Amino acid sequence: LFAQPATFLLGVARLGQLPPAMVPEVAMAGRSNVGKSSLINALTGRNGLARTSNTPGRTQEINLFDLAGGRLTLVDLPGYGYAKAPKEVVERWTRAVFDYLRGRPNLMRVCLLIDARHGLKKVDEEVMDLLAKAAVPFQVVLTKADLVRGGDLSKLVRDLEGRLARTAAALPHPIVTSSRQQQGIDLLRAAIAKLARP
Ligand code: GTP
Ligand code: MG
């Protein structure tokens with residue numbers, strides 16, 4: 001699935017502009033700056049495919065990327081929570097992201113990204129509840145593992161596994177990644193490849 005170069009399809013500001021729900025989609029969701037766009041670049045092996053930045057609130061549209069000519073679409077979402085943008089703008093993105101997560105019929109899986117330094121926040125819990133209600137399976141992905149000590153990482157994974165075991169729609173084991181060091185990327189690719197059209 002990742003052998004051919006991934007390509008940018010389009011970016012939309014409103015859900016009505018999304019393409020018809022034909023191709024299976026896998027979306028990257030998470031708080032602003034958690035590393036969603038960087039993870040798309042690491043997965044596709046194309047730096048600069050998705051735009052990244054140190055400033056929270058970089059991604060301002062729902063961006064779609066094609067894998068293998070229509071077998072799967074990767075979706076880069078704007079971050080929720082804090083961002084360097086006016087409050088009403090952030091609220092508008094957050095609403096669009098939540099509506100997308102709740103209502104997209106071809107959304108096969110959500111990768112819920114959690115910064116390994118910060119762990120689960122209240123808004124992540126809200127998203128987990130929303131996905132459970134909508135019956136959208138989600139995979140927790142810990143990001144920026146290169147910035148955390150091994151012992152702290154192991155404890156976070158154990159705590160999360162306890163939480164996920166009690167959560168409908170959650171896959172049981174977080175995937176630990178670093179886009180910077182290419183850690184966990186093959187594992188996540190394999191998980192995503194299973195969801196593609198034959
Ligand atoms: P928004 O679009 O603003 O919501 O952010 P995002 O979640 O798309 O994050 P983005 O990929 O733009 O990355 C945010 C910052 O984190 C950038 O400065 C990245 O270089 C950095 N970053 C991303 N992944 C990693 C990682 O694995 N390790 C380290 N050390 N930094 C990372
Ligand atoms: Mg982004």
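Numbers at a glance
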item: Met128, sole failed condition from (1) within 16 Å of ligand 2 (Cβ to nearest atom); (2) assigned to a helix (DSSP H, G or I); (3) touching a residue at least 24 places away in the same chain (Cβ under 8 Å); result: (1)
item: Criterion (farther than 13 Å from Ile114 by Cα and not β-branched (Val, Ile, Thr)) met by exactly one of Ala134, Ala145; result: Ala134
item: Selection from the range 13-62 of residues that are among the basic types (Lys, Arg) and either near ligand 1 (Cβ under 8 Å from one of its atoms) or surrounded by 14 or more Cβ atoms within 10 Å (Cβ to Cβ) (or both); result: Arg31, Lys36, Arg46, Arg51, Arg58
item: Subset of the range 62-82 that is assigned to a loop (DSSP other than H, G, I, E, B) and near ligand 2 (Cβ under 10 Å from one of its atoms) - its residue that is nearest to the chain's Cα centre (by Cα); result: Leu77
item: Hey, Leu142 more than 16 Å from ligand 2 (Cβ to nearest atom), within 30 Å of Ala21 (Cβ to Cβ), modelled with pLDDT of 95 or more and surrounded by fewer than 20 Cβ atoms within 10 Å (Cβ to Cβ) or not; result: no
item: Every pair of residues 6+ apart whose Cβ atoms lie under 8 Å, when the first sits in the range 25-51 and is of a type in the set (Ser, Thr, Tyr) while the second is part of a strand (DSSP E or B) and away from ligand 1 (no atom under 11 Å from the Cβ); result: Thr44/Phe65; Thr44/Leu67; Thr44/Leu74
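The values are calculated or read from the model by the stated rules, or taken from the named source; none is laboratory data. Note that this is a predicted model, so its numbers are computed, not measured. Cβ coordinates were reconstructed from backbone atoms using ideal geometry, including for glycine residues, and neighbour counts include every protein chain displayed.
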